[in-house]
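**Q** One structure, as structure tokens, below. Some questions next.
Please treat every number below as a calculation from the coordinates, not as lab data. What you see is a predicted model, and the numbers here were worked out from it, not measured in a lab. Glycine also receives a Cβ, built like all others from the backbone with ideal geometry; neighbour counts cover every protein chain displayed.
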Amino acid sequence: MSDHNHHKDHTHGHTHDPVEDGAALRVRALEELVIAKGLVDPAALDSVVEYYERETGPRNGASVVAKAWVDPEFKAWLLKDGTAAIHSMGFKGYQGEHMRVVENTADVHNVIVCTLCSCYPWPVLGLPPAWYKGPAYRSRVVREPRAVLAEFGLTLSQDMKVQVWDSTAEIRFMVLPRRPENTEGLSEAELADMVTRDGMIGTAVV
Ligand code: FE
């Protein structure tokens, strides 16, 4: 089932609401289990929720980014077949079945959204932040991406092309940020520490 059904929106602007996040997660997890098994097993549901709350998160995506920064072959694979490259690092599962990674360059800045609901690449980024699910971000980032990014503190030059990627029922996007300058001496782990969640959404740069 697509998760492009219209959800009831409970907008809280840019504030973070862990209770709402948890509730949304349970709904998603329930959908998955109902589809997969035709029933809901509370123990299994708890384990799914725990997996996405504790085992996955933006550090997964950060390790993918760092590997791409130090390994040109991996980077080429990641951009060509994001699903396979990410799966090869062990990051797979619900909302990560079909991944596309888009690269920020000196000329293009990418940002991801789901205009219809809140599709998000869980295996690499964990749970979406509340603002990602809010109607303000979802509608405005497509119409006026520069203004929205400026509100996040990211002011892009007029020369920079802004590309907005709208998740579909199938595909989840992740941004490959540009590697910061003067980081040649850093290890892959140190590079991964520099990568932020918002850098992989595209509402920040690294
Ligand atoms: Fe969605």
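**Q** Among the residues in the stretch 142-149, are any in contact with a strand residue (DSSP E or B) (Cβ under 9 Å, 6 or more places away or on another chain) and within 27 Å of residue 94 (Cβ to Cβ)?
**A** Within the stretch 142-149, the subset in contact with a strand residue (DSSP E or B) (Cβ under 9 Å, 6 or more places away or on another chain) is 142, 145-146, 148-149.
When the remaining residues are screened for being within 27 Å of residue 94 (Cβ to Cβ), the result is 142.
Yes, because at least one residue in the stretch 142-149 is in contact with a strand residue (DSSP E or B) (Cβ under 9 Å, 6 or more places away or on another chain) and within 27 Å of residue 94 (Cβ to Cβ).
**Q** So the check is Cβ under 6 Å with 6+ separation or different chains; which pairs have a first residue in the stretch 157-171 that's of a type in the set (Phe, Trp, Tyr) and a second one that's within 16 Å of the ligand (Cβ to nearest atom)?
**A** 165/112; 165/173
**Q** Go through (1) within 16 Å of the ligand (Cβ to nearest atom); (2) assigned to a loop (DSSP other than H, G, I, E, B); (3) in contact (Cβ under 8 Å) with a residue 60 or more places away in the chain for residue 105 and report which single condition fails.
**A** With respect to (1) within 16 Å of the ligand (Cβ to nearest atom); (2) assigned to a loop (DSSP other than H, G, I, E, B); (3) in contact (Cβ under 8 Å) with a residue 60 or more places away in the chain, residue 105 is out only on (1).
**Q** Please verify whether the stretch 174-181 includes one or more residues that are closer than 26 Å to residue 25 by Cβ and acidic (Asp, Glu).
**A** Among the residues of the stretch 174-181, not one is closer than 26 Å to residue 25 by Cβ and acidic (Asp, Glu), which makes the answer no.
**Q** Name every residue in the stretch 127-149 that is more than 16 Å from the ligand (Cβ to nearest atom) and crowded, with 19+ Cβ neighbours inside 10 Å, in order of residue number.
**A** 145, 148, 149
**Q** Exactly one condition in (1) of a type in the set (D, E, K, R); (2) surrounded by 15 or more Cβ atoms within 10 Å (Cβ to Cβ); (3) within 15 Å of the ligand (Cβ to nearest atom) is false for residue 170; which is it?
**A** Here residue 170 clears every test but (2).
**Q** Being within 16 Å of the ligand (Cβ to nearest atom), farther than 26 Å from residue 36 by Cα and surrounded by 15 or more Cβ atoms within 10 Å (Cβ to Cβ): is that true of residue 165 here?
**A** Numbers: within 16 Å of the ligand (Cβ to nearest atom): yes; farther than 26 Å from residue 36 by Cα: yes; surrounded by 15 or more Cβ atoms within 10 Å (Cβ to Cβ): yes.
Here the answer is yes, as residue 165 does meet what is asked.
**Q** Residue pairs, Cβ under 8 Å, 6 or more apart or interchain, first in the stretch 189-206 and within 21 Å of residue 148 (Cβ to Cβ), second surrounded by 20 or more Cβ atoms within 10 Å (Cβ to Cβ) and hydroxyl-bearing (Ser, Thr, Tyr). List them.
**A** Final answer for the pair search is 201/132.
**Q** Return the residues of the stretch 114-130 that are within 13 Å of the chain's Cα centre (by Cα) and over 17 Å from residue 176 (Cβ atoms); say none if nothing qualifies. It would help to see each step written out before you state the result.
**A** Going through the stretch 114-130, the residues within 13 Å of the chain's Cα centre (by Cα) turn out to be 114, 118-130.
Selection gives 114, 118, 119, 122, 126, 127, 128, 129, 130.
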